[in-house]
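Visitor: Dropping the structure in here first, questions after.
The values are calculated or read from the model by the stated rules, or taken from the named source; none is laboratory data. In this text, all values refer to a predicted model and were calculated from it rather than measured experimentally. When we count neighbours, we look across all protein chains shown, and the Cβ atoms used for this are built from the backbone with ideal geometry, even at glycine. The protein model used for the area step is the full one, side chains on, heavy atoms only, and it has no ligands, DNA or RNA in it. Shrake-Rupley method; radii C 1.70, N 1.55, O 1.52, S 1.80 Å.
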Amino acid sequence: MAGLNKVMIIGNVGNDPEMRYTADGNALTSFRVATNFNYTAPSGERHEETEWFSVVAWRKLAEQCSQFLQKGRRVYVEGRLRTRSWDTPDGQKRYRTEVVANRVLFLDRPGGAALPEDHEVGEAPEHVEAEEIPFE
């Protein structure tokens, strides 16, 4: 039986995207998205929780995100969760869970304008070593 790994988030971009290139020339852009959850406690007190997501886009989608996104923009991101690990120079094991985007929509533009949809160019390479990713 096949599994399902799909994430859909709507939130605000928390930092200007950072674009880099891997050693083999693949474009890679990362940015963070904040989502808010509002609820009322049994006591009647209202609460708001913010959840932060690290997002990674590859190839042409990475170039488009780098060009059009900026801090504060409202965005819809669709993709899959991926957790990767690496060892720090002092020997500690680090982990990061991130959304690998395959679709991005700008929600604060008229009509929720989308980036051109091309799932193939937005997909991550099959295997990338942690050392190939130029930032952590």
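Visitor: Mind grabbing the accessible area of Tyr76 for me, 1.4 Å probe, Å², rounded to tens?
Guide: 30 Å²
Visitor: If each residue of separation counts as 0.36 nm, what is the full-extension length gain between Arg74 and Arg96 once their alpha-carbon separation is subtracted? Walk me through the numbers before you get to the answer.
Guide: Working: separation 22, 0.36 × 22 = 7.92 nm, distance 2.35 nm.
The span from Arg74 to Arg96 would gain 5.6 nm if fully extended.
Visitor: Determine the order of Trp52, Trp58, Trp86 by accessible area, beginning with the largest, at a probe radius of 1.4 Å.
Guide: Order by accessible area, largest first: Trp52, Trp86, Trp58.
Visitor: I'd like the accessible area for Asp87, computed on protein heavy atoms only with a 1.4 Å probe and all protein chains in place. Round to 10 Å², please.
Guide: We get 100 Å² for Asp87.
Visitor: Using a cut-off of 15 Å between beta-carbons, work out the net charge of the residues near Pro17 (Lys and Arg +1, Asp and Glu -1, Pro17 not included).
Guide: +3
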